[in-house]
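The values are calculated or read from the model by the stated rules, or taken from the named source; none is laboratory data. On a predicted model such as this, the values are computed, not experimentally measured, just so you know. FYI the Cβ positions are ideal-geometry reconstructions off the backbone, even for glycines, and counts take in every protein chain you see. We work out accessible area using only protein heavy atoms, side chains counted, and drop any ligands, DNA or RNA first. Shrake-Rupley method; radii C 1.70, N 1.55, O 1.52, S 1.80 Å.
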Amino acid sequence: MQIKVKTGGLLRRYLPEGSGSQCELDVAAGTTPLAVMGQLGLPAEDQYLVMLNGEVLPATQRGEIVLSENDELGLFPPLKGG
Amino acid sequence: MKHIVIGNGPAGVIAAETLRRTDPKCAITLIGDEPEAPYSRMALPYLLAESINEDGTHLRHGADHYKELGIDIVTDQVTSVVPDKRSVTLVKGGEATFDRLLIATGSHAARPPIPGMDLDGVENCWTLEDGRRIAAATKKGSRVVLMGAGFIGCIVLEALAARGVELTVVEMEDRMLPRMMDHTGGEMIKRWCESKGVTVLTATKVEAIEQTGKALKISYGDGSSAEVDTVVCATGVRPNVGFLEGSGIETDLGVLVDNNLQTNKDGIYAAGDVAQGPELLTGVKEIHAIQPTASEHGRIAALNMAGEATHYRGSLSMNVLNTLGLVSSSFGLWDGNEGGDETSLADADSYRYLRLTFRDDVIVGALALGLTHHVGIIRGLIQTGVKLGHWKDRLMKDPNRVMEAYLARTHGSSFGY
Ligand SMILES: Cc1cc2nc3c(=O)[nH]c(=O)nc-3n(C[C@H](O)[C@H](O)[C@H](O)COP(=O)(O)OP(=O)(O)OC[C@H]3O[C@@H](n4cnc5c(N)ncnc54)[C@H](O)[C@@H]3O)c2cc1C
């Protein structure tokens, strides 16, 4: 199935080449946000701001929630300023 | 009404003062765990540059300032919060109860997991105590490596340069200020720093730090190494939320708050570096670890705590920096806005750069380099969402006319028509 992935800042580089800040991504049915983050190669030791369809998705839920077709997953740097 | 404020940085202090102004009768306890009078981290660079003394870092002056306001200052650390019992637990002071609570515990400096980061001579520049240590360890000619060329890193860079040290800045990303500047701006700042005698190593990883006699040996990813006296680490900050584990107060990276700065628990609020709250332009809950957000959060949280319902529009991410005399600034969605236009103008030789991003005919983001007068104007245009009308096309052709656009569209003057 396909989902939409949006990124910001330096995280753009983890999207397929030429995507800019967002792309459509083919993922397996039953997959979780955490699995998609792994598939894209985001380093597991870093912190991220993760949004699912416009809502903040706390770290504890990222490995549990199952994604549906056309979901919009946002992956952003954790913090601005510091 | 009994209020407890945890954290006595700018967010906590402004909240306590606002509470007093709004409710002359309430009880206010301001708890901080650093053994200092409430101070501003922002002032640390000036302390290091020796343009102020320690008193100058204090947020408020006059020994009796807090006493006169009836704000009870407590030096202690909160280790847990129990929302249902409306109580907090302190290391020294046992339990304290509240009607309303503000979490304003700020953030701490994060250190990358590199061998040797715990050695003597490897410092953060986050607390007043850090400032004292760096001041004691560095003098003219000291060999210093600064890890991290982000916003705080570049502020610290300026302070270290003012001490006359022999300075090398190491940044893992491929440019300086990777999270606040694009390549064009980041490259200009790098060239500027190099022209002022600072060595700048971008796209360089520190692999390890080891003790060699009295000095430190710092090794880089390309196999090279250098001997230095002090390493200052400015590689990011993390919100202080650890003590909330198990409290039921909802956290993500920071404490999640709504447009009243309230958490998921009634009567418990959060503000400043620790709060993850709505951003002005998108509504996305972000952490903006900057002083203007801390002040604004503190004030609005306190109004709500005191019963004056106040809606917060959201914070604007904004960084203004002076690096060895070159002023740079970034605002909002400088990195572009889906479907919106953008324009930029660069003059590398004179270190000037301006980039504007739009949503329809409203500016939603900007980068500026070498343009000091534009800072307030750009901030105003973004914060008030000024519709530019036909001025947008003029700006697309020449972004430097932003001052004219501002005057024309906000003061109704005939300027430029
Ligand atoms: C060197 C430097 C320069 C900076 N320059 C700028 C600048 O130019 N512009 C800008 O916008 N921002 C700047 N900043 C960032 C700015 O200082 C922070 O955004 C601001 O301090 C945040 O305020 P705060 O009140 O949220 O947190 P803080 O100022 O961090 O205060 C929180 C306080 O709470 C205490 N605390 C934490 N946990 C507990 C607990 N469990 N119990 C009791 N107390 C606790 C902490 O020890 C701390 O004293 C700079 C920061 C540094 C380090």
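Against the definition (more than 16 Å from the chain's Cα centre (by Cα) and within 10 Å of chain A (Cβ to nearest Cβ)), how does B:Glu286 come out, yes or no? Judged against the criteria, B:Glu286 is not a match.
For the range B:200-215, the set of residues classified as under 20 Å from B:Pro178 (Cβ atoms) and over 25 Å from the mean Cα position of the chain (by Cα) consists of B:Glu207 only. Out of all the residues in the range B:269-279, is one or more open to solvent by 30 Å² or more (accessible area, probe 1.4 Å) and either of a type in the set (Lys, Arg) or modelled with pLDDT of 95 or more (or both)? No: zero hits.
Residue under question is B:Gly339, and the condition is that it be closer than 30 Å to B:Ile4 by Cβ, more than 11 Å from the ligand (Cβ to nearest atom) and either part of a helix (DSSP H, G or I) or within 12 Å of chain A (Cβ to nearest Cβ) (or both); does it hold? Give the derivation first.
Details: closer than 30 Å to B:Ile4 by Cβ: no; more than 11 Å from the ligand (Cβ to nearest atom): yes; either part of a helix (DSSP H, G or I) or within 12 Å of chain A (Cβ to nearest Cβ) (or both): yes.
Against the criterion (closer than 30 Å to B:Ile4 by Cβ, more than 11 Å from the ligand (Cβ to nearest atom) and either part of a helix (DSSP H, G or I) or within 12 Å of chain A (Cβ to nearest Cβ) (or both)), B:Gly339 does not qualify.
Entry remark, the range A:3-25: residues being within 13 Å of chain B (Cβ to nearest Cβ), open to solvent by 30 Å² or more (accessible area, probe 1.4 Å) and in contact (Cβ under 8 Å) with a residue 60 or more places away in the chain number 4 in total.
So which helices (runs of 4 or more DSSP H) are wholly in the range B:38-145 and hold at least 1 residues that are open to solvent by 50 Å² or more (accessible area, probe 1.4 Å), within 26 Å of B:Ala275 (Cα to Cα) and within 14 Å of the ligand (Cβ to nearest atom)?
Values: elements: B:44-48, B:65-68, B:128-137.
Passing ranges, in order: B:128-137.
Against the conditions (1) within 14 Å of the ligand (Cβ to nearest atom); (2) under 23 Å from the mean Cα position of the chain (by Cα); (3) assigned to a strand (DSSP E or B); (4) not small (Gly, Ala, Ser), B:Val169 satisfies every one except (1).
I'd like the full set of residues that are within 12 Å of chain B (Cβ to nearest Cβ) and touching a strand residue (DSSP E or B) at 6+ places or on another chain (Cβ under 7 Å), limited to the range A:26-51. Spell out how you get there, then give the answer.
Just the residues of the range A:26-51 that are within 12 Å of chain B (Cβ to nearest Cβ), to begin with: A:43, A:45-51.
Residues satisfying the conditions are A:Tyr48, A:Leu49, A:Val50, A:Met51.
Residue count for the range A:68-82 under the criterion of being over 11 Å from the mean Cα position of the chain (by Cα) and more than 9 Å from every other protein chain (Cβ to nearest Cβ): the result is 3. Looking only at the range B:342-364, residues that are open to solvent by less than 30 Å² (accessible area, probe 1.4 Å) and either under 14 Å from B:Gly186 (Cα atoms) or within 14 Å of chain A (Cβ to nearest Cβ) (or both) come to 5 in all.
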